Amino acid sequence: MFSPIEEIKSRIDIVELVQGYMRLQKSGVNYKATCPFHSEKTPSFYVTPSRQIWHCFGCGKGGDIFKFVMEIDGHDFPEALRLLAARAGVTLTREDPTVRSERNRLYDICEEATKIFERSLLLTPAVKTYLKKRAVIEETVRKFRIGFAPQSWDHLIRSLAKKGFKKEEIEKAGLAARSEDKNSWYDRFRSRIMFPIADGNGKIIGFGGRIFSADRMPSSASVVAQGGSASSGETSNPEKTEAKYVNTPATPIYDKSKILYGFDKAKQEIRKKDCVVIVEGYMDCILSHQAGVENTVAISGTALTPFQLKTMRRLTGTIISSFDTDMAGDSATKRSLALALEYDFVRKIARIPSGKDPADAVCENPALWVKATEEAQDVVSFYFDKAFRDYTTERADGKKAIAALVLPYVRELTDEIEKAHWVSELAKRLGTPDDAIWKELQRKRPNPDSPYRAREEKEKVAPTRRQLLEEQFLSLLSLIHERKISANLDFSRITFTSALHTELFQFLTGGVPGELNSSRHTALA
């Protein structure tokens, strides 16, 4: 009789599991990839199907399917066990307190809340009519589990309480807020179309709520009468305008900087098509999927983060951003494109008509959006065409404006042949010598949204073999630093690759390399 763990392992193939997170290349009887757990250029991450294990020869991490899920999703073992059991169709019959962790409790609350919102939508014809007018078909509503939060101060709290959840837990899941006097709770989402947000495994971890009713909130007196109270960020003044969107705050299971809306539904298509389409909001993502562009994810109006880019980089090397002419100057989008270059993405832009977003394009004609993604331009081409549309070459100030818009993106290019091509093309279109463009390119300051990588990412670069040897040497030296070092030992030829290693050497020996042997004194540069 198999144990649940053995049963899960027998049903889940490690190659299929890992391919759900990253691209694997066949390498003999194994599969390989660049490691998702440390920075590297040459693949050192291997998956061995015959033994159902994985191992990285660069950072040393490895294990089975449970260890992989724990490392890549940040789960503890009980969470990984529960996740893989659901994937394998294995029932965990024993209710072990260690399996049912606090995080799992929050997952349960979000799942039950999603079901409650789905039922509320079915009972609210006005919302169904609105979604139909936005061209969202019923199949899409079910696929993305769109729901509705009624105009009530405690509908969700009461419904979840019947399922055995405490108000404190509902608050921790981001679905309730506490009154100012801290004695009562009220629903965070009221009279809103609800978009459940899932992690990469499809588990609901948060929500985005779009305001639906134009009705004003009750006065603070009536709020208290219903067991709630106005709080910071909540509308109690009838003259105060509500936010169009309200999102789940940070919780133990939800961090907006790490989540891409729709990623759980898009990841297989991203890997298959070897590109990812980035849009701005929930409806853009939903209708893009409905139109057939199922490799689409949304960032909900914020710039991409390093974590999100690393998540996508495991599956593809190409990003397509959506731009209309109004969005082309958006600084957050430019920062996203700049950071994407630092992660070696091929960056493209899907251009749609002015004033339209992907959702508008799909409502008007789904083929319009599909064509925009299929004909996406690389970043330099996009800004090159835009510059010559927006400015004239008849005057010097027009030529200067064109160069100012295009050259920062040309300068970002790492391929010198590609850079030379665009310099030549720009010179020809402006009617100026190539040398003038090259001089301007050298003089031009970097794009203010130029490529950057977080400082901590630079510090995570894998150490060289020399650096590892230095560390081992200093470790051995630390074991004998209190003993008298023999005068016959010659340290004069030793140099170190970092100031930190040099300082450690000085601390352990009381000198600098070369000073331990006066006959061979060599100062460290």
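The values are calculated or read from the model by the stated rules, or taken from the named source; none is laboratory data. Note that this is a predicted model, so its numbers are computed, not measured. No Cβ is skipped: glycine too gets one built from the backbone with ideal geometry, and neighbour counts run over all protein chains shown. With ligands, DNA and RNA removed, areas are computed over all heavy atoms of the protein, side chains included. Shrake-Rupley method; radii C 1.70, N 1.55, O 1.52, S 1.80 Å.
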Discussion item. Just checking, does the stretch 281-295 include any residue being among the hydroxyl-bearing types (Ser, Thr, Tyr), over 20 Å from residue 335 (Cα atoms) and surrounded by 20 or more Cβ atoms within 10 Å (Cβ to Cβ)?
Written reply: yes
Discussion item. Going by what's in this entry, would residue 255 be described as at pLDDT 70 or above and not aliphatic (A, V, I, L, M)?
Written reply: yes
Discussion item. Checking residue 77 against (1) within 26 Å of the chain's Cα centre (by Cα); (2) open to solvent by less than 60 Å² (accessible area, probe 1.4 Å), only one condition comes out false. Which one?
Written reply: (2)
Worksheet item: Among the residues of the stretch 84-105, is any of a type in the set (Ser, Thr, Tyr) and closer than 20 Å to residue 197 by Cα?
Response: no
Worksheet item: What about residue 400, is it open to solvent by 30 Å² or more (accessible area, probe 1.4 Å), over 19 Å from residue 443 (Cα atoms) and modelled with pLDDT of 90 or more?
Response: no
Response to the item:
Residue pairs within 7 Å by beta carbon, gap of at least six or interchain, first lying in the stretch 120-146 and closer than 25 Å to residue 266 by Cα, second surrounded by 10 or more Cβ atoms within 10 Å (Cβ to Cβ) and hydroxyl-bearing (Ser, Thr, Tyr), listed first then second, are 145/114
Practice prompt. Check whether at least one residue in the stretch 366-387 is under 30 Å from residue 202 (Cβ atoms), open to solvent by 10 Å² or more (accessible area, probe 1.4 Å), in a strand (DSSP E or B) and at pLDDT 90 or above, and report yes or no.
Written response: no
Worksheet item: Here are some residues: 407, 368. Which one is within 20 Å of residue 340 (Cα to Cα) and under 29 Å from the mean Cα position of the chain (by Cα)?
Response: 407
Worksheet item: From the set of residues in the stretch 164-178 that are in contact with an Asp or Glu (Cβ under 9 Å, 6 or more places away or on another chain) and farther than 18 Å from residue 101 by Cβ, which is surrounded by the most Cβ atoms within 10 Å (Cβ to Cβ)?
Response: 175
Worksheet item: Would a scan of the stretch 341-352 turn up a residue that is closer than 30 Å to residue 41 by Cβ, out of contact with any Gly (no Cβ under 6 Å at 6 or more places or on another chain) and small (Gly, Ala, Ser)?
Response: yes
Item to complete: Kindly list the number of the only condition in (1) at pLDDT below 95; (2) under 19 Å from the mean Cα position of the chain (by Cα); (3) in a loop (DSSP other than H, G, I, E, B) that fails for residue 183.
Response: (2)
Item to complete: Please specify each residue of the stretch 114-133 satisfying the condition of being open to solvent by 60 Å² or more (accessible area, probe 1.4 Å) and part of a helix (DSSP H, G or I).
Response: 115, 119, 122, 125, 128, 129, 132, 133
Worksheet item: So which of 67, 32 ends up being charged (D, E, K, R), modelled with pLDDT of 90 or more, assigned to a strand (DSSP E or B) and open to solvent by 40 Å² or more (accessible area, probe 1.4 Å)?
Response: 32
Item to complete: Within the stretch 81-96, identify whether any single residue is in a strand (DSSP E or B), farther than 30 Å from residue 150 by Cβ and over 24 Å from the mean Cα position of the chain (by Cα), and answer yes or no.
Response: no
Worksheet entry | Failed item, numbered, when residue 170 is tested on (1) touching a helix residue (DSSP H, G or I) at 6+ places or on another chain (Cβ under 6 Å); (2) of a type in the set (A, V, I, L, M, F, W, C); (3) assigned to a loop (DSSP other than H, G, I, E, B) | (3)
